[in-house]
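Novice: Below is the structure I would like to discuss, written out as structure tokens.
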Amino acid sequence: NNRRRRIYEGKGKILYEGPEPGTLVQFFKDDATTNNKTKHAVIDGKGVINNRISEFIFTHLNRIGIPTHFIRRLNMREQLIREVEMIPLEIVVRNVAAGDMATRLGIEEGLVLPRSIIEFYFKSDALDDPMVSEEHITAFGWASPQELDDVMALAIRINDFLTGLFLGVGIQLVDFKIECGRLYEGDMMRIILADEISPDSCRLWDIETREKLDKDRFRQDLGGLLDAYQEVARRLGIISENE
Ligand code: C5P
């Protein structure tokens, strides 16, 4: 696709120059990688389904007054978004012990946490996204204390909304990752949700069967990733029963 200028290419998405100033086009690729890039695969159709799931979630968030970069979906793999100045953090919210936290602290996967926990990771491919504290973030100027407060408030509101959304369709929201950016409007600046929210960036377990309906199917070589993502989309009413 060389009609437009490519602004950025990540592991799962490409950002192109948008049709108007202050906009970008976000393209969802089919590529799947693990955090340390030891594993890579192309899963046909993953980008299409993630584009739809992320559209659905961001549309709902916009509607309930949680600001996001999402403007509208353009086609099967692309959405129009607002250009923001990215904050170089991955913000993880955890409700149930799993993944990196379960390993790091020796906690059994599946333990319901006494309260939701927010963690920060510095976005750096070279360093494999090391975990950092609020002190690192403010000391190195990745975000100001006020911005970090705004980021955490956003993360908690998103967790509340998503927990209820998924619970309603028989899915437990174990954890998820978000990324935020600064949106400048005149002389105003606010922190908004950017990137995507999809089964690539969430842990989603079926309440009844405990089946994993997320990217752990790829990380743990369980197979059936696309089927699981489609099941999430079906339950949310994004695709029809026979798709
Ligand atoms: O690996 P970890 O347990 O820290 O992941 C926590 C949550 O953040 C998971 O839902 C995972 O899918 C998501 N995540 C992500 N991108 C990363 C690291 C984690 O979307 N680079």
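The values are calculated or read from the model by the stated rules, or taken from the named source; none is laboratory data. What you see is a predicted model; the values in this text were computed from it and never measured. Neighbour counts run over all protein chains shown; Cβ positions are idealised from the backbone, glycine included.
Novice: Can you tell me which of Asp214, Asp187, Asp206 is surrounded by 12 or more Cβ atoms within 10 Å (Cβ to Cβ) and under 26 Å from Met86 (Cα atoms)?
Specialist: So the residue among Asp214, Asp187, Asp206 that is surrounded by 12 or more Cβ atoms within 10 Å (Cβ to Cβ) and under 26 Å from Met86 (Cα atoms) is Asp214.
Novice: Okay, next question. When the residues of the stretch 36-76 are narrowed to those that are exposed (fewer than 13 other Cβ atoms within 10 Å of the Cβ), of a type outside the set (A, V, I, L, M) and touching a residue at least 24 places away in the same chain (Cβ under 8 Å), which ends up farthest from Ala155 (Cα to Cα)?
Specialist: It comes out as Asp44.
Novice: Test Arg190 against the stated conditions and say whether it is under 20 Å from Pro67 (Cα atoms), touching a strand residue (DSSP E or B) at 6+ places or on another chain (Cβ under 7 Å) and away from the ligand (no atom under 16 Å from the Cβ).
Specialist: yes
Novice: Got at least one residue in the stretch 89-100 being in a loop (DSSP other than H, G, I, E, B), more than 14 Å from the chain's Cα centre (by Cα) and over 19 Å from Leu162 (Cβ atoms)?
Specialist: Looking through the stretch 89-100, none of the residues is in a loop (DSSP other than H, G, I, E, B), more than 14 Å from the chain's Cα centre (by Cα) and over 19 Å from Leu162 (Cβ atoms).
Novice: Can you tell which of Tyr184, Tyr229 is over 23 Å from Phe161 (Cα atoms) and aromatic (Phe, Trp, Tyr)?
Specialist: Tyr184
Novice: Separate question: Looking at the stretch 30-61, which of its residues are outside any helix (DSSP H, G or I), within 15 Å of the chain's Cα centre (by Cα) and hydrophobic (A, V, I, L, M, F, W, C)?
Specialist: Across the stretch 30-61, the qualifying residue is only Ala32.
Novice: A further question on this structure: Please go through the stretch 86-113 and pick out each residue that is closer than 22 Å to Ile207 by Cα and within 11 Å of the ligand (Cβ to nearest atom).
Specialist: Within the stretch 86-113, Val92, Val93, Arg94, Asn95, Val96, Ala97, Ala98, Gly99, Asp100, Met101, Ala102, Glu109 qualify.
Novice: Give the residue, chosen from Asp129, Asp125, that is within 14 Å of the ligand (Cβ to nearest atom) and modelled with pLDDT under 95.
Specialist: Criteria check complete, one pass: Asp125.
Novice: If Ala194 satisfies all but one of (1) among the aliphatic types (A, V, I, L, M); (2) in contact with a Ser or Thr (Cβ under 9 Å, 6 or more places away or on another chain); (3) surrounded by fewer than 22 Cβ atoms within 10 Å (Cβ to Cβ), what's the number of the condition it fails?
Specialist: Ala194 satisfies all of (1) among the aliphatic types (A, V, I, L, M); (2) in contact with a Ser or Thr (Cβ under 9 Å, 6 or more places away or on another chain); (3) surrounded by fewer than 22 Cβ atoms within 10 Å (Cβ to Cβ) except (3).
Novice: Which pairs do you get when a residue that is touching a residue at least 40 places away in the same chain (Cβ under 8 Å), found in the stretch 82-104, comes within reach of a residue that is of a type in the set (S, T, N, Q) and part of a helix (DSSP H, G or I), reach meaning Cβ atoms under 9 angstrom, with the pair 6+ apart or on two chains?
Specialist: Note: pairs meeting the criteria are Val93/Asn159; Asn95/Asn159; Asn95/Thr163.
Novice: Restricted to the stretch 132-176, and to residues that are of a type outside the set (A, V, I, L, M, F, W, C) and within 16 Å of the ligand (Cβ to nearest atom), which residue is farthest from Glu109 (Cα to Cα)?
Specialist: Checked the stretch 132-176; the qualifying residue farthest from Glu109 (Cα to Cα) is Ser133.
Novice: What helices (runs of 4 or more DSSP H) completely inside the stretch 128-243 contain at least 2 residues that are touching a residue at least 12 places away in the same chain (Cβ under 8 Å) and among the charged types (D, E, K, R)?
Specialist: By residue number, 145-167, 216-219, 225-235.
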